[in-house]
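Working notes for the structure below.
The values are calculated or read from the model by the stated rules, or taken from the named source; none is laboratory data. Given the structure is predicted, the values throughout are model-derived calculations rather than measurements. Ideal geometry is used to build each Cβ from the backbone, glycine not excepted, and the neighbour counts take in all protein chains shown.
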Amino acid sequence: MSYIVADNLVKKYGDGETAVSAVDDISFQIQEREFVGIMGESGAGKSTLLGMMGAMNAPTSGRLIVDDIDVYGLNQEQRADFRREFLGFVFQSFHLVPYLTVIENVMLPLTVVKTKKKKKRSMAEDSLAQVGLLGKAYRLPSQISGGEKERVAIARAIVNEPPVLLADEPTGNLDTKTSQEIMQLLRRLNGEGMTIIMVTHSPECAGYALRIMQVTDGKLVEDSSKIRSIEKWPKKEIESETLRNQKRMQVAGSLHTG
Ligand code: ADP
């Protein structure tokens, strides 16, 4: 059994003539430690799909199974526990609390976790060290750069060490160089064992994923299905696959805009 199974997922908004099928019968399987990029034009259904994967948006029909758990078969409270236990979220707009320091922001998801404050602080420090920001732990969000804010958001998403990281346009607000650094960070986390599912518009970012799903009009129209985890890849192959993906996505991008 695969780690994540999306089974005929459908999400309809509204009814009758005005009904929209935001996600229209999508099925796929994801193995542990995959790095999946979901691409598609605006309105294609990517965010709806990611929301469903994030246990935040119940499908109209179909099932989502994660680690043998039928996510939408859980009640609300169980689903909140599931989210906390299994998922980290990274968004385009960092959602940092401006009056909390960097480390306090990273500790936020631990508020509901029953652990000593000291332990929580050391978990947050570990997490900040992972993203290379331990030295800025006591700054406020206004005192760090955009790329650093995104790294804090990632540190916060991984502080609980969730097995799955969901990212929605994680580099949407960043310049090219900073975007590359963020993608390399995600790549490293993936290499260390995290399963990553990332929605992105950017062909360059998608190139870092090891598997690309293309969504059009709520349907999964392409799936590169490279079901292999990064640590089994020789370094050279990772580099050439990244280049291949980037090229392919650039071609796809130029087709759409041209
Ligand atoms: P994407 O993330 O690819 O831009 P979305 O998942 O946001 O696409 O949207 C897919 C379709 O569903 C769009 O036509 C959008 O207008 C519609 N949609 C998304 N959310 C809602 C909602 N809450 N109510 C009604 N329609 C929605």
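Assorted remarks:
- Sole exception among (1) closer than 20 Å to Asn190 by Cβ; (2) modelled with pLDDT under 95; (3) within 12 Å of the ligand (Cβ to nearest atom) for Glu85, by number: (3)
- Candidates in segment 43-61 are the residues that are part of a loop (DSSP other than H, G, I, E, B), more than 10 Å from the ligand (Cβ to nearest atom) and in contact with a strand residue (DSSP E or B) (Cβ under 8 Å, 6 or more places away or on another chain); of these, the one that is farthest from Leu74 (Cα to Cα) is Thr60.
- Failed item, numbered, when Glu77 is tested on (1) among the charged types (D, E, K, R); (2) surrounded by fewer than 16 Cβ atoms within 10 Å (Cβ to Cβ); (3) more than 13 Å from the ligand (Cβ to nearest atom); (4) in contact (Cβ under 8 Å) with a residue 12 or more places away in the chain: (4)
- Put simply, of Val71, Val23 the only residue that is over 28 Å from Glu204 (Cα atoms) and either within 12 Å of the ligand (Cβ to nearest atom) or in contact with a Phe, Trp or Tyr (Cβ under 9 Å, 6 or more places away or on another chain) (or both) is Val71.
- Residues considered: Gly14, Gly40. Of these, the only one that is closer than 18 Å to Pro170 by Cα, within 16 Å of the ligand (Cβ to nearest atom) and at pLDDT below 95 is Gly40.
Residue by residue, here is whether (1) within 14 Å of the ligand (Cβ to nearest atom); (2) of a type in the set (Asp, Glu); (3) touching a Leu at 6+ places or on another chain (Cβ under 8 Å); (4) part of a strand (DSSP E or B) holds:
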| position | (1), (2), (3), (4) |
| --- | --- |
| Leu166 | yes, no, yes, yes |
| Gly172 | yes, no, no, no |
| Gln184 | no, no, no, no |
| Cys205 | no, no, no, no |
| Tyr208 | no, no, yes, no |
